[in-house]
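Just below is one structure, and these are the notes that go with it.
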Amino acid sequence: MQFDAIVSILENVPHMPPERGKLIYEFVRARQPKRILELGFAHGTSTCYMAAALEENGGGRITTIDSRVAKQRVPDIHSLLDKSGLASFVETVYAERSYTWELLKLLEDATKEGKTEPLFDFVFIDGGHTWDSDGFSFLLADRLLKPGGWVLFDDVIWTPSVCAGEPWVDAMPAEERDVAHVEKIFNLLVVPHPDYDSFEFDGTWAWARKKPDAAVASGDRSDIVSAIYSRTNAARRSFLIRRYVKRLLKIGG
Ligand SMILES: C[S@@+](CC[C@H](N)C(=O)[O-])C[C@H]1O[C@@H](n2cnc3c(N)ncnc32)[C@H](O)[C@@H]1O
C-alpha cells in the first residue's frame, strides 16, 4: 500500500504522527526486512505503517506485542488493520503481564539443543520505556535478531516524570523519575555492545545495526543441555521426596 493511502487512514490516530510514519515506512521499504518484531503497538498505528510498506515490498510479517489492555483502545489495532486491508501481514500478541514474558516464549521456540536461531530482521522497541522492561527486552530481542538486522528505539529522551501523578511513576525513587531510561539503554547496552554498529540518533529515535558478521552459532551444546536437564530433574525429584517425607512426618507427629 502506498504511503499516501495508509496515512489517510492513520493521520489522526495516536501515537505515531505521519512524519514519523513516513520514516518507518521508508525504512521498511529501503531495508526490506522480512520479519519484524514490534514491542508496544497501542492502537496499531506504527504497525500499520510498517505493514503497508511490507505489502509494497511484496511480503513479510510483523509480530507485534502489547499488554491485553490494548484491546480496549479505540480504535483498536484490529479495526485499523481491517480498514487498511493489512491484517494478513500482522500477528498480534496480547501479553497477560509483559512482552518480556512473551519474548521468553519466542526464545524458547527458537532455541533447540542450546542453540538459538534468530528470527527477526528488524525490532522496534516502543513500549514501557523503562530500564527494567526495555533494557531486558533489548537483551532478549538481541538473541532473536539476525546479523545485519536493525533495532530501533522510540522516545529516547522521554523521562517518567512526564507522567507524574501516575501511581507507577510516583512509586519510583526520584533519581529514576528524572532519567531518560531509553537513552541509558542505548548508551549502556547498545552502543558498547560488540555486535552493534551504525548508530544513529535523530533526537527522538535511536537506531543500531547488528553487525552482519555478528556471531550467532553457539555450536553444538546438546551435551550441556542434556546434562543440565538430567541434573535439574534429579534435583526436582529429591526436592519432591523431601517435601513428601516432611508432610508425612507432620501428619504422623
Ligand atoms: C507508546 S505506545 C506504542 C505506540 C505504537 N508503537 C505507535 O507508535 O503507534 C506504548 C505501548 O506499550 C505498551 N507496553 C508498555 N509496557 C509494556 C509491557 N511491559 N508489555 C506489554 N506492553 C507494554 C503499552 O500498553 C502501550 O500500548
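The values are calculated or read from the model by the stated rules, or taken from the named source; none is laboratory data. Keep in mind that what you see is a predicted model, and the values were worked out from it rather than measured. Backbone-built Cβ (ideal geometry, glycine too); neighbour counts: all protein chains shown.
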Of the residues in segment 1-39 that are of a type in the set (A, V, I, L, M), more than 18 Å from the chain's Cα centre (by Cα) and part of a helix (DSSP H, G or I), the one that is farthest from Arg73 (Cα to Cα) is Ala30
Can you tell me which of (1) over 23 Å from Leu54 (Cβ atoms); (2) among the hydrophobic types (A, V, I, L, M, F, W, C); (3) touching a strand residue (DSSP E or B) at 6+ places or on another chain (Cβ under 7 Å) is the one Leu189 doesn't meet? (3)
Given the criteria in a helix (DSSP H, G or I) and surrounded by 13 or more Cβ atoms within 10 Å (Cβ to Cβ), does Glu183 qualify? yes
Test Val151 against the criterion of being part of a helix (DSSP H, G or I) and either free of Cβ contacts under 8 Å to residues at least 60 places away in the same chain or assigned by TED's automatic domain parsing to the domain that holds Gln32 (or both), and give yes or no. no
Positions within segment 93-139 being over 9 Å from the mean Cα position of the chain (by Cα) and in a strand (DSSP E or B), in sequence order: Val93, Tyr94, Ala95, Thr111, Lys112, Lys115, Thr116, Phe120, Asp121, Phe122
For residues that are aliphatic (A, V, I, L, M) and over 30 Å from Thr159 (Cβ atoms), scanning just segment 108-131, find the one that is surrounded by the most Cβ atoms within 10 Å (Cβ to Cβ). Leu119
Flagged in segment 16-57 as within 10 Å of the ligand (Cβ to nearest atom), more than 17 Å from Met1 (Cβ to Cβ) and in contact (Cβ under 8 Å) with a residue 40 or more places away in the chain, in numbering order, are Arg20, Glu38, Leu39, Gly40, Phe41
Can you tell me which residues in segment 110-130 are polar (S, T, N, Q) and within 16 Å of the ligand (Cβ to nearest atom)? Thr130
Evaluate segment 186-201: report whether one residue or more is among the acidic types (Asp, Glu) and surrounded by 16 or more Cβ atoms within 10 Å (Cβ to Cβ). yes
Just one of the numbered conditions (1) touching a residue at least 24 places away in the same chain (Cβ under 8 Å); (2) outside any loop (DSSP other than H, G, I, E, B); (3) near the ligand (Cβ under 7 Å from one of its atoms) is not true of Val69; which one? (1)
Which condition number does Val74 fail, the rest of (1) surrounded by 16 or more Cβ atoms within 10 Å (Cβ to Cβ); (2) part of a loop (DSSP other than H, G, I, E, B) being met? (1)
